Ligand SMILES: [Zn+2]
């Protein structure tokens, strides 16, 4: 393998069939290309993807800025399964969170004044909520589709709502998805499970999804991240 600089990007020349461009967990653009492919093809390919690269990186920046705005103090709006709740913070000896749907309130009891600590407590709670909900929705769709999986993992993911390893039958879902509406959650899960039959985003893939969710495009718009998974 050798690395070649094209348009300022590192292109990894390898024994691969196609040009592959992705953004990894560290927000770095990773490009691999066949050993003998002419550089001008790669250059054109990169140019055709530059808009998308910008979009993804900007989006990640936006999300980061949004996240930074939270101070985890009383009065802030936080989301769960598409619903907005007002955060109420109370100082106590233990860390706990309770949800009151009647008054649309998330109560955070904590002994910490520190934003990072509070964020950790909230993130852990969101993770627990995701662990409660996602497996049921996955099971529901597995039954509908007549599919099975080997493993479901729920974890924070920087650039995707979910992913699917169709060989191993592993599904990954982004913890952040728990803040989205049920419709968006259902769509991402259907999308990832559809990859068990159709690994790529071809016409067959979207036809298959449309059979089960005719208004799936609306979900994609809401997620505003068509290329995220
Ligand atoms: Zn996909």
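To make sure I understand, if each residue's beta carbon is the centre and we count other beta carbons within 10 Å, what order do 201, 151 fall in, fewest to most?
151, 201
With angles folded into 0 to 90 degrees, how steeply does helix 182-194 sit against the dominant principal axis of the chain? Use alpha carbons for both and round to 10.
For helix 182-194, the angle is close to 30 degrees.
Give me the percent of DSSP beta bridges within segment 2-69 that run antiparallel, rounded to the nearest 5.
Roughly 70 percent of the DSSP beta bridges within segment 2-69 come out antiparallel.
Counting DSSP beta bridges with both partners in the chain, what percentage is antiparallel, nearest 5?
Roughly 60 percent of the beta bridges in the chain run antiparallel, per DSSP.
With just the Cα atoms defining each centre, how far is segment 120-183 from segment 18-64? Give it in Å.
26
With angles folded into 0 to 90 degrees, how steeply does helix 39-69 sit against the dominant principal axis of the chain? Use alpha carbons for both and round to 10.
10
When 115, 109 are ordered from fewest to most other Cβ atoms inside 10 Å of their Cβ, what list results?
Neighbour counts put them in this order, fewest first: 115, 109.
For segment 119-229, give me the percentage of DSSP beta bridges that are antiparallel, rounded to the nearest 5 percent.
Roughly 45 percent of the beta bridges in segment 119-229 run antiparallel, per DSSP.
Given labels modelled 7 Å from the Cα in the Cβ direction, how far is it in nm from residue 70 to residue 139?
Inter-label distance under the simple model: 2.8 nm.
So what is the 222 nm mean residue ellipticity for the chain from helices alone, if each DSSP H run of at least 4 adds -39500 (n - 2.57) and you divide by all residues, rounding to the nearest 500 deg cm²/dmol?
That calculation yields -14000 deg cm²/dmol at 222 nm.
With a cut-off of 8 Å between alpha carbons and a minimum separation of six or more residues, what is the relative contact order of segment 77-228 in percent?
Normalised by residue count, the contact order of segment 77-228 is 19 percent.
Using only Cα atoms, find the angle between the long axis of helix 203-212 and the longest principal axis of the chain, and express it within 0 to 90 degrees, rounded to the nearest 10.
30
For residue 4 and residue 24, what does the FRET efficiency come to when R0 = 22 Å and r is the distance between their Cβ atoms, rounded to the nearest 0.05?
It comes to 0.75.
What ranking of 195, 78 emerges when the number of other C-beta atoms within 10 Å of each C-beta is taken as an exposure proxy, fewest first?
Final ranking by Cβ density, sparse to dense: 78, 195.
Every number in this text was worked out from the coordinates using simple rules, so none of it is lab data. This one's a predicted model, so the numbers in the text were calculated from it and none came from an experiment. Backbone-built Cβ (ideal geometry, glycine too); neighbour counts: all protein chains shown.
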